[in-house]
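Below is one structure, written out as structure tokens, with a few remarks after it.
The values are calculated or read from the model by the stated rules, or taken from the named source; none is laboratory data. Here the structure is a predicted model, which means the values were calculated and not measured. As a convention, Cβ positions derive from the backbone with ideal geometry for all residues, glycine included, and neighbour counts pool all protein chains shown. These area figures cover heavy atoms from the full protein model, side chains too; ligands, DNA and RNA do not enter into them. Shrake-Rupley method; radii C 1.70, N 1.55, O 1.52, S 1.80 Å.
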Amino acid sequence: MAPDGITTARAALPFAPSGIVTPTVPPDIVTPAILLDFAIVDANIRRMQAHATAAGVDLRPHVKTHKSVKVGRQQVAAGSTGITAGTLGEVEVFAEAGFDDIFFAYPVFATRARAERLRAVREVARLRVGLDSPVAADALAAAFSGGAPLEVVIEVDCGAGRCGVPPAEAGALAAHARSRGLLPAGAYTYPGHGDRDAAAPAEASEDELAALATAANAMRAEGIEPVILSGGSTPTSSRSARAPLTELRPGEYVYNDLGKLRVGACEPADLAFFVAATVVSDAVAGQVIVDVGTKALGREGSDQRGYGTAPDVPGAVLTKLNEYHGYLAVPEDVARPRVGDILVIAPNHVCPVVNLFDEMVVHEAGRPVGRWPVDARGHLS
Ligand SMILES: Cc1ncc(COP(=O)(O)O)c(C=O)c1O
């Protein structure tokens, strides 16, 4: 009989969707390893770009999802205006690789060392940074005093409750930034609450458009015309590509994952990113152990919701993770994989997984392409 934990987790059966197309596993693969299907990546990039272009808004993908110069170049080649980054390290990696239009969408606090690095990036690329407090504005102003004014984008909260001033206060903060010699270019918001469930993207999209409209009016009331009104996570991008928004910043659409599938932000066939894992134990009934734990998959999920699936084993769900062990619960009526089998795992959330690997094993519709580095892996500070 399966241990209690597994039985309980299976009873609340998490998310094991059908229709996910898993990639061919190279025979010489050493697991755990990222498997990336670049044909699907390319299709995801083209689809989002076509959507933005048709709607007349700019697309500025967030590179935190892939941290890959090659994938970023594909996004720019498809027509994106530039890129969005979430850490100064990411900004530097991409600036060094030749990306010349970067939005550092984070409420940056410019300490001395960070200020020097920001100035160095600004020498080689157009740089805009996020701002959500007067004190951060003062630090940025001091860091860039004497040079060309730094462009800042005011972060406003549209309901995610993470960062950002209330939209109506965007004008006051922009005016403060301007008084310190910064150049307020507009406002941005992150509708993180659009990830909650299938109904959330539509509500979060309305919230972000309303927040950007309020922020724009507040800036205009201070005599500042916003040239950028930026929003759009992967779940909200399909609905938010309209006025007053001028720029979308989705990240995860490039690979997709179970989380995006759960909220209806992609189709099963749009998943491009998987982790290859070896079955290392079948000693306990009702499950097998695979060699991916928290150090390969992160900890996104819960015992009830699961930590990922093995789409080729119908109904199988990772119900628990230790550091190097993944507990894959297999339904009773499904044949358990054997020790030594290599399984393809679909993760809940791709971004943390990307950051745990040095490279990706890339193929294109079954044809091996090679190993690509995860260039900005780490680079957190
Ligand atoms: C500031 C910011 N912009 C854009 C995104 C991209 O959203 P998504 O990951 O849903 O594509 C994120 C994601 O965390 C973010 O934090």
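Quick rundown of the values:
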{"item": "Check on LEU35, closer than 21 Å to THR234 by Cβ, more than 16 Å from the ligand (Cβ to nearest atom), modelled with pLDDT of 95 or more and surrounded by 21 or more Cβ atoms within 10 Å (Cβ to Cβ)", "result": "yes"}
{"item": "Sole exception among (1) in a helix (DSSP H, G or I); (2) open to solvent by 40 Å² or more (accessible area, probe 1.4 Å); (3) more than 16 Å from the ligand (Cβ to nearest atom) for GLY223, by number", "result": "(1)"}
{"item": "Residues located in region 336-378, provided they are crowded, with 18+ Cβ neighbours inside 10 Å, touching a Gly at 6+ places or on another chain (Cβ under 6 Å) and of a type outside the set (A, V, I, L, M)", "result": "PRO347, ASN348, HIS349"}
{"item": "Residue that is buried (at least 17 other Cβ atoms within 10 Å of the Cβ), part of a helix (DSSP H, G or I) and in contact (Cβ under 8 Å) with a residue 12 or more places away in the chain, where the choices are ALA52, ALA43", "result": "ALA52"}
{"item": "Within region 177-205, considering residues that are surrounded by fewer than 20 Cβ atoms within 10 Å (Cβ to Cβ) and farther than 24 Å from SER238 by Cα, the one nearest to the ligand (Cβ to nearest atom)", "result": "LEU183"}
{"item": "Failed criterion for SER145 (all others in (1) under 24 Å from the mean Cα position of the chain (by Cα); (2) outside any helix (DSSP H, G or I); (3) free of Cβ contacts under 8 Å to residues at least 40 places away in the same chain hold)", "result": "(1)"}
{"item": "Among residues of region 167-176, those that are hydrophobic (A, V, I, L, M, F, W, C) and either surrounded by 23 or more Cβ atoms within 10 Å (Cβ to Cβ) or part of a loop (DSSP other than H, G, I, E, B) (or both), counted", "result": "3"}
{"item": "Restricting region 249-284 to residues that are of a type in the set (Asp, Glu) and part of a helix (DSSP H, G or I), the residue that is nearest to the chain's Cα centre (by Cα)", "result": "GLU252"}
{"item": "Flag for GLU90 being out of contact with any strand residue (DSSP E or B) (no Cβ under 6 Å at 6 or more places or on another chain), open to solvent by less than 10 Å² (accessible area, probe 1.4 Å) and acidic (Asp, Glu)", "result": "yes"}
{"item": "Complete set of residues in region 121-134 that are in a helix (DSSP H, G or I) and either closer than 20 Å to THR246 by Cβ or touching a residue at least 12 places away in the same chain (Cβ under 8 Å) (or both)", "result": "VAL121, ARG122, VAL124, PRO134"}
{"item": "Of residues in region 232-264 being more than 11 Å from the ligand (Cβ to nearest atom) and buried (at least 22 other Cβ atoms within 10 Å of the Cβ), the one modelled with the lowest pLDDT", "result": "LEU258"}
{"item": "Selection count, region 58-70, where residues are open to solvent by less than 40 Å² (accessible area, probe 1.4 Å) and within 14 Å of the ligand (Cβ to nearest atom)", "result": "8"}
{"item": "Any hit, region 297-307, residues being buried (at least 24 other Cβ atoms within 10 Å of the Cβ) and either over 20 Å from PRO352 (Cα atoms) or among the basic types (Lys, Arg) (or both)", "result": "no"}
{"item": "Selection count where residues are within 16 Å of the ligand (Cβ to nearest atom), surrounded by fewer than 24 Cβ atoms within 10 Å (Cβ to Cβ) and aliphatic (A, V, I, L, M), scope region 93-104", "result": "0"}
